[in-house]
Amino acid sequence: MQDAADAGFPGLQPLIGRWRHLRDGLLASPAFQQWASGFPLTRWIARRQAAKLFDLCAGFVYSRVLKACLQLRLLDTLREAPRSLASLVSLTGLPEESLRILLDAARAIELVEQRKDGCYGLASLGASLVGNRGILAMIAHHDLFYEDLRDPVALLRGAQEDTALKAYWAYSRNTSPSALPGTSLDEYSSLMAESQPMIAGEVLRAYDFSRHRLMLDVGGGEGVFSAAVARAHPALRGVIFDLPGVAERAARRLAEGRLAERITAVGGDFFSDPLPPGADIVTLVRVLHDHDDTAVLALLRNLRRGLPGGTALLVAEPMSGEGAAGRLSDAYLAFYLLAMGQGRPRRREHLIELLATAGFGRARTLKVGVPMLTSVLLAEAV
Ligand SMILES: C[S@@+](CC[C@H](N)C(=O)[O-])C[C@H]1O[C@@H](n2cnc3c(N)ncnc32)[C@H](O)[C@@H]1O
């Protein structure tokens, strides 16, 4: 929240500083905490604060409970039909007591619920989860990230040379990414393809592509985003530009989806190769946050070189900020990218500056339904 000093009353700064110091001292004091949790007017605040603190401490256990449920296919099984404890014992092969512990934990974090007849079924969070293949793929992928986060301070100091995520994202810190063998790109390409539909849905709701003829999707992966836009706008044609191994995967997927006539895939390095011409809109979806500022400028300048003035540029990715969006970008993605070895989530203003430096102006933010998934900026070549 913006305070009076930030809002342009610098004279209030010392007063606000003293108030914050007093507040921090009070909140940290065990005697005050005791008093606040007993006093009727502050009791609910104290309870909420305690619950939030506990969630922060225990979050990693919740994630492991989730992982165990998925590994044992518990949620998929319950999606088919509610099951008794005995039938789940035989399906999972866990000892009854251990399974009970897992089911109680899953119930406590709202993945499953116990019905009146004693059978277990999905609870609301569990039901939303089993229908979301993108999140399921991310949870499975988190095993690697979990390894890299074992010692977060070592990660912050840059002391972890060989992280699992650097190896996974083969283009990270690679000086000739175009030469990467297709096999080193397969895993991350599938993960991106699995998680793309939820992003495409948000972008399609935020921007009307119907005014365009040809869309160039730079770093477009296997083409899931381009395919979603093309399906929503039957007159639009598309070109995907990505590393050669990924472009091959895109071409195969487009052919399978009967879109090869409308969308082509071109392989190359977006930092140095000329980009396919003719587009009247260019998209960068979950691309810029993967790279440091110098690399982002190199990419944007390379892109700008081939574009006539007035060409639209749409950037979609999680951006740093307040609320739930900030939690995803600042408390999750920033550490993910740290482990990956390059890039960072950026504030909108910073991205707009980078765009302007590379020759893209008139930037504006588009409204999205779920900013936690992605924010969207629209600019144009000037
Ligand atoms: C995080 S993925 C995003 C993929 C897709 N836009 C999406 O949202 O699903 C970043 C993409 O950039 C591509 N990429 C990375 N470095 C590249 C380079 N130097 N030239 C071309 N593509 C590159 C990767 O292969 C990958 O497909």
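The values are calculated or read from the model by the stated rules, or taken from the named source; none is laboratory data. For clarity, every value in this text was computed on a predicted model and none was experimentally measured. Counting neighbours? That spans all protein chains shown, and the Cβs are built from the backbone with ideal geometry, glycine included.
Residues to consider are Arg100, Arg23; find the one that is at pLDDT 95 or above, of a type in the set (Lys, Arg) and surrounded by fewer than 15 Cβ atoms within 10 Å (Cβ to Cβ).
Sole residue among the options that is at pLDDT 95 or above, of a type in the set (Lys, Arg) and surrounded by fewer than 15 Cβ atoms within 10 Å (Cβ to Cβ): Arg100.
Looking at Ala58, Ala31, Ala50 in this structure, which one is at pLDDT 85 or above and either under 29 Å from Leu94 (Cβ atoms) or not small (Gly, Ala, Ser) (or both)?
Ala58
When you check Leu66 against the structure, is it within 17 Å of Gly118 (Cα to Cα) and modelled with pLDDT of 95 or more, yes or no?
no
Can you go through Gly134, Gly158, Gly126 and tell me which one is touching a Leu at 6+ places or on another chain (Cβ under 6 Å) and either assigned by TED's automatic domain parsing to the domain that holds Tyr336 or of a type outside the set (D, E, K, R) (or both)?
The conditions single out Gly126.
Among Arg344, Arg301, Arg362, which is out of contact with any Leu (no Cβ under 8 Å at 6 or more places or on another chain), farther than 24 Å from Asn132 by Cα, without any contact (Cβ under 8 Å) to a residue 60 or more places away in the chain and not in a helix (DSSP H, G or I)?
Exactly one of Arg344, Arg301, Arg362 is out of contact with any Leu (no Cβ under 8 Å at 6 or more places or on another chain), farther than 24 Å from Asn132 by Cα, without any contact (Cβ under 8 Å) to a residue 60 or more places away in the chain and not in a helix (DSSP H, G or I), namely Arg362.
Looking for whichever is in the same structural domain as Ala154 (by TED's automatic domain parsing), β-branched (Val, Ile, Thr) and assigned to a loop (DSSP other than H, G, I, E, B) here; the options are Val296, Val368. Which one fits?
Val368
When you check Asp162 against the structure, is it away from the ligand (no atom under 12 Å from the Cβ), within 30 Å of Leu85 (Cβ to Cβ) and acidic (Asp, Glu), yes or no?
no
Among the residues of region 178-200, write down those that are under 14 Å from Gly223 (Cα atoms) and within 10 Å of the ligand (Cβ to nearest atom).
Tyr188, Ser189, Leu191, Met192, Ala193, Glu194, Ser195, Gln196, Pro197, Ile199, Ala200
Which of the following residues is under 20 Å from Lys166 (Cβ atoms), within 12 Å of the ligand (Cβ to nearest atom) and either touching a residue at least 24 places away in the same chain (Cβ under 8 Å) or touching a Pro at 6+ places or on another chain (Cβ under 9 Å) (or both): Leu275, Leu288, Leu314?
Leu288
What helices (runs of 4 or more DSSP H) completely inside region 143-251 contain at least 2 residues that are surrounded by 14 or more Cβ atoms within 10 Å (Cβ to Cβ) and in contact with a Lys or Arg (Cβ under 8 Å, 6 or more places away or on another chain)?
Counting at least 2 such residues, we get 186-206, 224-232.
Quick one: which of Arg157, Arg150, Arg107, Arg173 is among the charged types (D, E, K, R) and closer than 30 Å to Arg79 by Cα?
Arg107
Among the residues in region 63-84, are any touching a Ser or Thr at 6+ places or on another chain (Cβ under 6 Å), closer than 30 Å to Gly343 by Cα and not β-branched (Val, Ile, Thr)?
no
Only residues that are closer than 21 Å to His289 by Cα, away from the ligand (no atom under 14 Å from the Cβ) and not hydroxyl-bearing (Ser, Thr, Tyr): list them for region 201-260, please.
Within region 201-260, just Ala206 meets the criteria.
Examine region 190-207 for a residue that is basic (Lys, Arg), out of contact with any Phe, Trp or Tyr (no Cβ under 6 Å at 6 or more places or on another chain) and closer than 23 Å to Asn302 by Cα, and state whether such a residue exists.
no
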